[in-house]
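J.: Quick one: structure below, then a few questions.
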Amino acid sequence: MTSSDRQTTAAVTPREAGFRPCAEWGTHARTWIAWPAHPETFIGSVAEAQQAFARVANTLAEFEPVAMVLSPDQEKPARRLLSSEIELLPWGINDAWMRDIAPSFLVNAEGEVAGTNWVFNDYGNKDGRNLEGYGEDAATASRILRHRGMRRFASDLVCEGGTLVCDGDGTLITNASVVLNPNRNPGLAREEADAILRNHLSVDTVIWLEDGLTDDDTDGHTDNLVAFGGPGRVLLLSEDDPSDSNFAALNTARQVLEKASDARGRGFDIIPVPQPRARYKGELRYALSYVNFCLANGAVLIPAFDDPGRDASARDIIAEQFPGRKAVSLPSLAIIAGGGSLHCITHEEPAACAE
């Protein structure tokens, strides 16, 4: 196979080629992250965001390799805040949500790692500047795969990694408010999207949630609602107050999961994780979520929102699902000010899938 053949394989899908995703709790080769510098994302708070991202990257580097993509003019200021162990890749980047712009990594039976490259259009191109303003982000998945010498499977589906929550065992949870949104895939039927996801993520069961958190600029990313804690086990953001603006979406998500089975026919053990106290930016509610955590080799990094009681309770609930890992709470308000949290800004690259 030539290098160009390895880079893009259009004739076959990942499923046909024998590739599948790994569970996030599997062994990582590294974590990918991007450096924040977009003034319209972190209005008046870029410096605080950079300190928060550096804290996440440096913590991750204690457990596994970290690769940081950034704009060339940010290399020197980033290096001042980052561990010398972190690899800096000055390719250019527009924003900082690596979960959404990295490839969906896949592994075959021989341990070869590849990736599905989705189309990125800046969350529906709401500001009309996708091609002009976010071309570096749209190119990131391909650049990562080329840099790592990995096979690239291209998909025409417009979506982001934050709406694709896999268990590594044939099950995907995703959100209709994102994948079926006319601002991404106009006219696409659920059955068509289902088939694309099955073939490009090698999953056998696709579970569709309907809506996301209030004022989530992504239109409702799934990783703010749910996270797998293990085979057949789902951590679900929860809210008991019917007057809360997130109650309907979270209650509906629970109802869907209670009726669903995973790809192995298991019903889900649902672990509720109460949502953080509501915070607002003007009239807009921040999309705060404790289940937007990220895993590293030997650790679980959990967002904290300056609410000691709820932060500690969420940390304990999540840590219990990952025994043997160090649970680390990281202040995340400076990150959520831009629209995401720890899972949103990171993307794990698997070393191999454990059987």
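The values are calculated or read from the model by the stated rules, or taken from the named source; none is laboratory data. Computed from a predicted structure; not experimentally measured. FYI the Cβ positions are ideal-geometry reconstructions off the backbone, even for glycines, and counts take in every protein chain you see.
J.: Considering only the stretch 170-196, how many residues are buried (at least 23 other Cβ atoms within 10 Å of the Cβ) and either under 16 Å from PRO14 (Cα atoms) or without any contact (Cβ under 8 Å) to a residue 12 or more places away in the chain (or both)?
T.: Adding up the residues that qualify gives 2.
J.: Among the numbered conditions (1) under 17 Å from VAL226 (Cα atoms); (2) without any contact (Cβ under 8 Å) to a residue 12 or more places away in the chain, tell me where GLY309 comes up short.
T.: Unmet for GLY309, out of (1) under 17 Å from VAL226 (Cα atoms); (2) without any contact (Cβ under 8 Å) to a residue 12 or more places away in the chain: (1).
J.: Within the stretch 19-46, restricting attention to residues that are within 15 Å of MET98 (Cα to Cα) and among the aromatic types (Phe, Trp, Tyr), which residue is nearest to the chain's Cα centre (by Cα)?
T.: TRP32
J.: Can you say whether TRP97 is surrounded by 18 or more Cβ atoms within 10 Å (Cβ to Cβ), in contact with a strand residue (DSSP E or B) (Cβ under 9 Å, 6 or more places away or on another chain) and of a type in the set (Phe, Trp, Tyr), as far as the supplied structure shows? Working first, answer last.
T.: Values: surrounded by 18 or more Cβ atoms within 10 Å (Cβ to Cβ): yes; in contact with a strand residue (DSSP E or B) (Cβ under 9 Å, 6 or more places away or on another chain): yes; of a type in the set (Phe, Trp, Tyr): yes.
Criteria met by TRP97.
J.: Moving to a separate point now. What residue, among those in the stretch 138-166 that are part of a strand (DSSP E or B) and of a type in the set (Lys, Arg), is farthest from ALA189 (Cα to Cα)? Give the steps one after another, and end with the answer.
T.: First, the residues of the stretch 138-166 that are part of a strand (DSSP E or B): 151-158, 165-166.
Next cut, of a type in the set (Lys, Arg) only: 151-152.
On the way: ARG151: 29, ARG152: 25 Å.
The residue in question is ARG151.
J.: Right, here's the next one. Say we look at the stretch 47-70 and pick out the residues that are surrounded by fewer than 18 Cβ atoms within 10 Å (Cβ to Cβ) and without any contact (Cβ under 8 Å) to a residue 60 or more places away in the chain; which of these is farthest from ASN292 (Cα to Cα)?
T.: Once the filter is applied, the top-ranked residue is ALA47.
J.: Of the conditions (1) part of a loop (DSSP other than H, G, I, E, B); (2) under 29 Å from GLY168 (Cα atoms); (3) out of contact with any strand residue (DSSP E or B) (no Cβ under 6 Å at 6 or more places or on another chain); (4) of a type in the set (A, V, I, L, M, F, W, C), PHE53 satisfies every one except a single condition; which number is it?
T.: Failing condition for PHE53: (1).
J.: List the pairs whose first member sits in the stretch 136-154 and is touching a residue at least 60 places away in the same chain (Cβ under 8 Å) and under 17 Å from PHE19 (Cβ atoms), whose second member is of a type in the set (D, E, K, R) and surrounded by fewer than 18 Cβ atoms within 10 Å (Cβ to Cβ), and whose Cβ atoms are under 7 Å apart, counting only residues at least 6 apart or on separate chains?
T.: ARG151/ARG6
J.: Here are the criteria: (1) in a helix (DSSP H, G or I); (2) touching a Lys or Arg at 6+ places or on another chain (Cβ under 7 Å). Tell me which single one LEU88 does not satisfy.
T.: Result: LEU88 passes all but (1).
J.: Which condition breaks for ARG277 when tested against (1) among the charged types (D, E, K, R); (2) under 30 Å from PRO39 (Cβ atoms); (3) touching a residue at least 24 places away in the same chain (Cβ under 8 Å); (4) out of contact with any Asp or Glu (no Cβ under 8 Å at 6 or more places or on another chain)?
T.: All conditions are met except number (4).
J.: I would also like to ask the following. Just a yes or no: is a residue in the stretch 118-137 crowded, with 19+ Cβ neighbours inside 10 Å, in a strand (DSSP E or B) and within 19 Å of the chain's Cα centre (by Cα)?
T.: Yes, the stretch 118-137 contains at least one residue that is crowded, with 19+ Cβ neighbours inside 10 Å, in a strand (DSSP E or B) and within 19 Å of the chain's Cα centre (by Cα).
J.: Here's something else I'd like to know. State all residues of the stretch 298-344 that are of a type in the set (Val, Ile, Thr), over 20 Å from ARG279 (Cα atoms) and under 15 Å from the mean Cα position of the chain (by Cα); if no residue qualifies, say none.
T.: So in the stretch 298-344, the residues of a type in the set (Val, Ile, Thr) come out as 300, 302, 317-318, 328, 335-336.
Now restrict to residues that are over 20 Å from ARG279 (Cα atoms): 300, 317-318, 328.
Within the stretch 298-344, VAL300 is the sole residue that qualifies.
J.: Out of THR163, THR205, I need the residue that is of a type in the set (S, T, N, Q), closer than 20 Å to LEU106 by Cβ, buried (at least 17 other Cβ atoms within 10 Å of the Cβ) and under 16 Å from the mean Cα position of the chain (by Cα). Which one? So that I can check it myself, show each step before the final result.
T.: On the way: THR205 fails: under 16 Å from the mean Cα position of the chain (by Cα).
Only one candidate passes the filter, namely THR163.
J.: Pairs, please: C-beta under 6 Å, at least 6 apart or cross-chain, first residue at pLDDT 95 or above and in the stretch 240-260, second of a type in the set (Phe, Trp, Tyr) and assigned to a loop (DSSP other than H, G, I, E, B)?
T.: LEU257/PHE268
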